[in-house]
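We did not get these values from a lab; they are worked out from the coordinates using the rules stated. From a predicted model like this one, the values you see are computed outputs, not experimental measurements. Heads up, the Cβs are rebuilt from the backbone with ideal geometry, glycines too, and the neighbour counts pull from every protein chain shown.
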């Protein structure tokens, strides 16, 4: 009995893998379509919420959403196994080259904005840091909380895995302070945790920890220990929120993307247009992300 | 009518033979696949760069030493836990526990082996690592020790189950002989029963090691995955990154055919070779001990 859905699933996977251009069904209106959506773990909850709402409004469309990381999503797009790749970082020149070699032409759409919140344990008295201080903490120059005006405790640095777009963005924008010539790396003893939940859980129970994650992933009990960030010591310390991202005063915010193979057509085009509509962008705000416009 | 059983015989023999050979064929095929995908890494990354201490593949730092030492620390730690506990439990079940208790305990131990490792990983994150941090006053509980404890717990059921079977199959006459010569219960176990069951017990330990080296999910969840060199004695109390966790965490992201992809396969190849070495050592030890036993008996 159990084997039947499994076989269906497997054959579905095989079909989508060999199809070359999955989801692009005949253009005639009203036909059902199957859209595969994969990538960034930052976006996955948002993409799921969108897919659920869209499917209730368009019962003929089915959308499958999976996470795995921005790199994973883009790799899947390059390999032709998904229709839409979610990414919390822009596609790299290397990836574009690989895509072209595979006959894929990635097209980018900005679907929402996101702030990266830096968060510490509620017991930790530190509530404000400059970008330079955060960079020094993560590159291993500051190893004790006394170095930034906190208690005498070792600093435990938490980060997402290297396949996470958030990781790459944090490296470029915070650790390297946006300087492309800077080659500072994460301190080797930075814990690379495979999920947002892993980071939140460790920050919640460990007073030594510092972590970063998309604002939408910070649970209410940690909202009070989100770090206010200043560009330099003299500047204003800003807490991440929809307002501070939209007026560009919070320095660690970024765009979130979807990538398709070529300009989207048919069901995929309709879906992406809907995502950019006010109705879908309201879901963005509900989940703690920052709507575009 | 006369021929039909013969035909059946050939047919069944052929099937059984195919099954037997297929295991060998699969192992060889996997080995060649790993070679094909992993060896290019040796040409793309200089050997000197491969054996450095920095693992940061997205910026082309492919030093695999931290991963090797990380796996080593976690595996050795797990074995230090699993060997005494596993053999102790097996001896208790086979030699000391009364029949009724054994009939309850053994299925329970085997049930422990049925718990998915990802569930143990959850317990590790939520209970074990906070406990270790507070109890040992560590910066973080996500350490090699947490991984070793979980892996020990994963290896113990396999070890216990097989070692207990081996002890159980030692003929009763051996024990009676030892007791008749005036040996105590402990002397009988240590000098007679355990040595007699040696090959089975060793097999149990090797299967336990095998599970430990290859286990991924639980380790990835609790060891913190920081690629630091684990060469000090205190490394067991610091975060490490194992080879299996590295492959699991990074395989999904890499582009097919890139250097990073080849290096990950090279790590897989190294894991394969380590398992092979462990198995060959184990079977040669068992073989030797058997030969000696045969010599003694003849």
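Compute the Kirkwood hydrodynamic radius of the protein assembly as shown, taking the inverse of the mean of 1/r over all pairs of distinct Cα atoms, and give it in Å to one decimal.
Over the protein assembly as shown, the inverse of the mean reciprocal pair distance is 27.2 Å.
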message: Ratio of alpha-carbon Rg to the 2.2 N^0.38 Å globular estimate for region B:176-265, to two decimals, please.
response: 1.80
task: Starting from the exponent 0.38 and prefactor 2.2 Å, build the expected Rg for region A:51-129 from its residue count and divide its actual Cα Rg by it.
output: 1.52
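Would you please calculate the Kirkwood hydrodynamic radius of region A:114-253 over all C-alpha pairs and express it in Å, rounded to one decimal? Please list the in-between numbers first.
Working: mean 1/r = 0.0676 Å⁻¹.
One decimal place: 14.8 Å for the Kirkwood radius.
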query: Rg (Å, one decimal) plus Dmax (Å, integer) for the alpha carbons of chain B?
result: 23.1, 79
query: Using the alpha-carbon atoms, what tilt in degrees (0 to 90, nearest 10) does helix B:65-91 show relative to the longest principal axis of chain B?
result: 20 degrees
In degrees, nearest ten, helix A:3-18 long axis to first principal axis of chain A (Cα): 90 degrees
- line: The answer for the per residue Cα convex hull volume of chain A, in Å³, is 150 Å³
- line: Relative contact order in percent for chain A (Cα pairs under 8 Å, 6+ apart) equals 25 percent
- prompt: Size of region B:1-115 along its principal axes in angstrom, Cα-based, largest extent first?
  reply: 68, 52, 21
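As an exercise, find the ratio Rg/Rh for region A:112-195 from alpha-carbon atoms, using the Kirkwood inverse-distance average for Rh. Mind showing how you got there, number by number?
Numbers: Rg = 12.8 Å, Rh = 13.5 Å.
Using Cα coordinates only, the ratio equals 0.95.
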- line: Ranked output for segments B:156-169, A:210-223 by mean other Cβ atoms within 10 Å, highest leading, reads B:156-169, A:210-223
- line: Footprinting proxy, B:220, B:243: sorted fewest to most Cβ within 10 Å, the residues are B:243, B:220
message: Just want to confirm a number: the relative contact order over region A:114-253, from Cα pairs under 8 angstrom separated by 6+ residues, in percent.
response: 39 percent
- prompt: Once both axes come from the Cα atoms, what is the angle between helix B:99-114 and the longest principal axis of chain B, in degrees from 0 to 90, rounded to 10?
  reply: 20 degrees
query: Which ordering of A:290, A:174, B:192 is given by a fewest-first count of other beta-carbon atoms within 10 Å?
result: B:192, A:174, A:290
- prompt: Given C-alpha coordinates of region A:248-291, what is the ratio Rg to Rh with the Kirkwood estimate of Rh?
  reply: 1.06
message: Inside 10 Å of the C-beta atoms of B:251-258, what's the mean count of C-beta atoms belonging to other chains?
response: 6
